[in-house]
Structures are given as C-alpha cells and as structure tokens.
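Engineer: Have a look at this one.
Laboratory data are not the source of any read-out in this text; all were calculated from the coordinates shown. These numbers were taken from a predicted model, which means no experiment stands behind them. Counting neighbours? That spans all protein chains shown, and the Cβs are built from the backbone with ideal geometry, glycine included.
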Amino acid sequence: MIDVTDEPLTTLPPRQRDGHKGDYGRVLVIGGSRGMGGAPAMTGLATLRSGAGLVTVATPASTQPIVATFSPCFMTLPLVEDDYGIADYANVVDLIAAREQFDVWAIGPGLGRSDGVTELVAQLYREIPRPMVVDADALNAMAASLKRNPQALANPAGPRVLTPHPGEFARLAGAMPGAATTDRVTAVANFCERDPSGKLTVVLKGRHSIVCDGPRFAVNGTGNPGMATGGTGDCLTGIVAGLLGQRLAPWDAARLGMHLHGVAGDLAAMKLGEVSLIASDLLTYLPEAFKAC
Ligand SMILES: NC(=O)C1=CN([C@@H]2O[C@H](COP(=O)(O)OP(=O)(O)OC[C@H]3O[C@@H](n4cnc5c(N)ncnc54)[C@H](OP(=O)(O)O)[C@@H]3O)[C@@H](O)[C@H]2O)[C@@H](O)CC1
Ligand SMILES: Nc1ncnc2c1ncn2[C@@H]1O[C@H](COP(=O)(O)OP(=O)(O)O)[C@@H](O)[C@H]1O
Ligand SMILES: [Mg+2]
C-alpha cells in the first residue's frame, strides 16, 4: 500500500565549527564521453555547490582534459576507453578497488551508450556498497541489462537513487508513465517493488517530480518550465549526491534535492526575469536555495 508522506522535509544539520572536508562527503561522479563533457561537469559543480567536501569526476581519458577545465574545484580521473567508448573490463576493476575512497557515487550523466558502458554500469550498480545516484545513460544501461535479465539488478550492494525523466523511465519500466500524478505514482511504486530489498528510491522527474521508495511518495511543488533545458537533470544528480555525502538518508536526500533544485530554478527565473534558463543559472542560485531552506 503506497501513501503520500506527511513528514516535514528533512534539512541538513548545522555545520560544526571544526568541520572538515571528510565530514561533508567524498563523491565520485562517473560520466562524460566525446562531445558530452558538460554533463558530468555540471553534476560535479552541483555536488560541490550542495556542500560536498570533495568531488572527483571520472570520465574517458579523451574527455578528461575538457572536463577538468570546467572547475579547479573538482579532481578528475581518466577512464580507459576503446573505439566504442568506455572499456568496461579496464575500469571496473580499478573503480571497485577504489570503493573505499568514496562515500557516494553518481553515475551516468553524458556517459553515452555502448556495451562497455552497459557492463560497467551493471557491475558498479551490483557491487558498490555505498549510496549511488543513477541517472541519464546509466539508466539507459540499466534498461539494456533488465531487457536481457529482469533480475539483473536486484538486491544491489547499497542504496540506489534513480532519477529518470519520463523517457528514461519508459525504457526502464517498459512503458511511459501516464500524465496524471496518480498514474505516475503507481508506475514508480510498481517499479520500486521490483527490488524487494528496499534499497531503491526513484525520482520521476517532470513538472511536478515524484519521489517514491516503495511504501511512500512525495510530489514536488517547486520549479518552472524555464528548467526544461539541457543539463538541469545533471544538476539534480549532483544535488542529491551532495546531500547523500552529508549523510542524509536516500529518501531525504532525493526529496530535499528535488525541492532545492526547483527553488534554485525559481530563484533564477525570478532574479533573471527569464522565461528560459540555462543549467548554470540554476547552479548560480543553488546556494541561495539552500539558505532559504
Ligand atoms: N551538456 C551536456 O553534456 C549534456 C548532456 N546530456 C546527456 O545526454 C544524454 C542523453 O540524455 P537526454 O535526456 O538528452 O536524451 P534521451 O535519454 O534520449 O531522452 C530524451 C528523450 O526522452 C523522451 N522523453 C519523453 N518525455 C520526456 C521528458 N519529460 N523529458 C525528457 N525526455 C523525454 C523524448 O523522446 P521522444 O518522445 O522525443 O521519442 C526525448 O527525446 C544523457 O547522458 C545526458 O546526461 C544532457 O543532460 C544534456 C546536456
Ligand atoms: N516544466 C517543468 N517544470 C519544472 N521542472 C521541469 C520542467 N521541465 C523539466 N523540469 C526539470 O528539469 C530537469 C530535466 O531533467 P533532464 O531531462 O534529465 O535534463 P538533462 O538530462 O538535460 O540534464 C528535471 O529535474 C525536471 O524535473
Ligand atoms: Mg537527464
């Protein structure tokens, strides 16, 4: 039985005077491919702007120099690639071996689609014991794995927060959710039940994004159509990862993340007087959104 939550939004605790980077999370973002270096960079910037202590962006070697130019504040890690994109065999071993270094993983923005990506995502999704945000092409990779074996991703090693838009959700679940909120809630709740381990939280994005973890859901009331632009979803991935890095539970990080994402978009639209935004406008007003919360 699914029910709308009546819990108040969980917010971040006040920072201790002697806080240090490790207290606020070491986040690994895995994304990017030739021509899509901006996506993981926006995710990394949103993670930092959401308060994470340290952010590393792992991206194919050919894209690494480009991603690194987006900010001196995050580190970058080259991923081995072959002619078809990321080479799964060469990377999964190193990344899994690195699992103790990172508190939170965020995979998918700009990752591209290939057999190597599908295999890399499937192994990381199953094996990494830390909280993981799964977005964009990592969701498309999951859909490819589920098509081959519906149980391929059951009972992952740690909590997973999926952030599909309706197109990505349709690939994952096999059908486009209806437009009505009740249809969308039912579709997401049914999808969450596919993993009885209770480690799944899903944010179905849109005008009124819905967060659901199986028994409960919440509908977001912030945001505006100016946010319907490339990169704003990559920013949401970073916000949720940044909140997970500060020790919020997946449900709280997803629910607060979508709320703050929309508040930042509303502040940007109001302050810029713009009907259409670009994703970096959202990043500009994200700290103010946190302050207002
Ligand atoms: N600067 C960069 O590097 C950027 C890189 N990016 C990266 O690009 C990769 C592909 O991601 P993507 O979302 O752009 O494309 P895709 O997965 O094909 O889905 C889009 C299709 O889904 C459908 N659809 C239906 N309803 C929908 C809805 N409400 N909202 C959205 N879509 C909806 C609709 O299909 P249609 O109905 O047109 O057949 C639509 O054509 C991904 O890795 C991402 O991170 C981007 O983040 C941008 C900035
Ligand atoms: N009309 C709208 N009103 C409010 N938010 C919107 C609207 N359209 C899109 N958004 C938000 O913008 C983001 C778009 O995500 P996504 O499609 O993944 O973008 P990208 O992959 O290009 O970064 C989602 O968080 C969605 O909730
Ligand atoms: Mg997206």
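Engineer: Taking springs between alpha-carbon atoms closer than 10 angstrom, which of Val29, Val219, Val93 fluctuates most in the Gaussian network model of the chain?
Structural biologist: Fluctuation is largest for Val93.
Engineer: Let me ask something else about it. Quote the relative contact order of the chain in percent (integer), defining contacts as alpha-carbon pairs under 8 Å separated by 6+ residues. Working shown, then result.
Structural biologist: Values: 658 pairs, mean separation 58.6, N = 293.
Across the chain, relative contact order equals 20 percent.
Engineer: Let me ask another. Could you let me know the centre-to-centre spacing of segment 7-74 and segment 220-289, using Cα atoms, in angstrom?
Structural biologist: Here the two parts' Cα centres lie 14 Å apart.
Engineer: Something else now. Could you give the size of the charge dipole of segment 1-159 about its Cα centre, using +1 on the Cβ of each K and R and -1 on the Cβ of each D and E, expressed in debye and rounded to the nearest 20?
Structural biologist: On the way: 12 positive and 17 negative charges, 59 e Å.
The calculation lands at about 280 debye.
Engineer: Further question: When a/c reaches 1.5 or more, the comparison of a/b and b/c decides; with that in mind, is the chain rounded, prolate or oblate per its Cα gyration tensor? Please list the in-between numbers first.
Structural biologist: Values: a/c = 1.35, a/b = 1.07, b/c = 1.26.
Rounded, since a/c falls under 1.5.
Engineer: What percent antiparallel are the DSSP beta bridges of the chain, to the nearest 5?
Structural biologist: Numbers: 8 of 33 bridges.
Bridges in the chain are about 25 percent antiparallel.
Engineer: In addition: Relative contact order, percent, of segment 1-150 when contacts are C-alpha pairs under 8 Å separated by at least 6 residues? Spell out each step's value before the answer.
Structural biologist: Values: 264 pairs, mean separation 33.0, N = 150.
Relative contact order here is 22 percent.
Engineer: At R0 = 30 Å, how high is the FRET efficiency between Ser62 and Thr284 if r is their beta carbon distance? Nearest 0.05 is fine.
Structural biologist: Numbers: r = 29 Å, r/R0 = 0.98.
E between Ser62 and Thr284, to the nearest 0.05, is 0.55.
Engineer: Let me ask you something else. Could you give the dipole magnitude of the chain about its Cα centre, charging the beta-carbon of Lys and Arg +1 and that of Asp and Glu -1, in debye to the nearest 20?
Structural biologist: Dipole of the chain, to the nearest 20 debye: 320 debye.
Engineer: With runs of 4+ DSSP H residues as the only contributors, calculate the mean residue ellipticity of the chain at 222 nm using -39,500 (n - 2.57) per run, divided by the residue total and rounded to the nearest 500.
Structural biologist: Values: 10 runs with 124 residues, N = 293.
Counting only the DSSP helices, I get -13500 deg cm²/dmol.
Engineer: Using Cβ counts within 10 Å as a stand-in for footprinting exposure, how do Thr181, Thr63, Thr163 rank, fewest first?
Structural biologist: Values: Thr181 16, Thr63 27, Thr163 31.
If I rank by nearby Cβ atoms, fewest first, I get Thr181, Thr63, Thr163.
Engineer: Sticking with this structure for a sec: What does the charge count near Ser209 come to, summing +1 for each Lys or Arg and -1 for each Asp or Glu among other residues with Cβ under 12 Å from its Cβ?
Structural biologist: Here the count lands on +4.
Engineer: Could you list Arg113, Arg15 in order of exposure, starting from the residue whose Cβ has the fewest other Cβ atoms within 10 Å? All intermediate terms of the calculation are to be shown ahead of the outcome.
Structural biologist: Details: Arg113 15, Arg15 11.
Ranked by crowding around the Cβ, least crowded first: Arg15, Arg113.
Engineer: Using a Gaussian network model of the chain with C-alpha springs under 10 Å, which one of Ser276, Ser50, Ser33 is most mobile by mean-square fluctuation?
Structural biologist: For the chain, modelled as a Gaussian network with Cα springs under 10 Å, the answer is Ser276.
Engineer: Sorting Glu81, Glu7, Glu193 on the 10 Å Cβ count, fewest up front, what's the list? If you can, show how the numbers build up before the last one.
Structural biologist: Values: Glu81 21, Glu7 10, Glu193 13.
Ranked by crowding around the Cβ, least crowded first: Glu7, Glu193, Glu81.
Engineer: Just add up the charged neighbours of Leu267: K/R +1, D/E -1, any other residue whose Cβ is under 15 Å from the Cβ of Leu267.
Structural biologist: Local charge sum for Leu267: -1.
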